[in-house]
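Colleague: Have a look at the structure that comes next, please.
The values are calculated or read from the model by the stated rules, or taken from the named source; none is laboratory data. Worth saying up front: this structure is predicted, and the values here are computed from it rather than measured. These area figures cover heavy atoms from the full protein model, side chains too; ligands, DNA and RNA do not enter into them. Shrake-Rupley method; radii C 1.70, N 1.55, O 1.52, S 1.80 Å.
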Amino acid sequence: MNKSSQFSRFFMIVALLAVIAITIVASPESKPQHGQERRQLQSLDPRSVEEKWPELIGMSGKDVKAQLEADNPSLDIQLVLEDTPMTMDYRTDRVRVMVNDKGMVATAPRVG
């Protein structure tokens, strides 16, 4: 075998391995199904806290804050007037409770 054919064989083997690797990574079986990734991440978190509380809409913001703090003392519960500018960073230890001008919960509180 000459150097040219050895290089060609080597290149073909590398290309074949690359195609196999890409096929494995791109296969649907290797990707988590919708929601599966979240469950896996929650199982690593000892708190396994709910992420959203739609049932609290319409309640007093102060009451909701007290209830969430009692249920999840490790969370930072923030009362925020709706339409107030705020940072867009996502924090798993924070819940923002959006209240209207009367202090009532306007949208479902959520982790973030």
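Colleague: Just read off the accessible area of THR84 with the full protein assembly in place, 1.4 Å probe, to the nearest 10 Å².
Modeller: For THR84, solvent-accessible area is about 60 Å².
Colleague: Give the accessible area for MET59 in Å² (nearest 10); use a 1.4 Å probe, count only protein heavy atoms, and leave out ligands, DNA and RNA.
Modeller: 70
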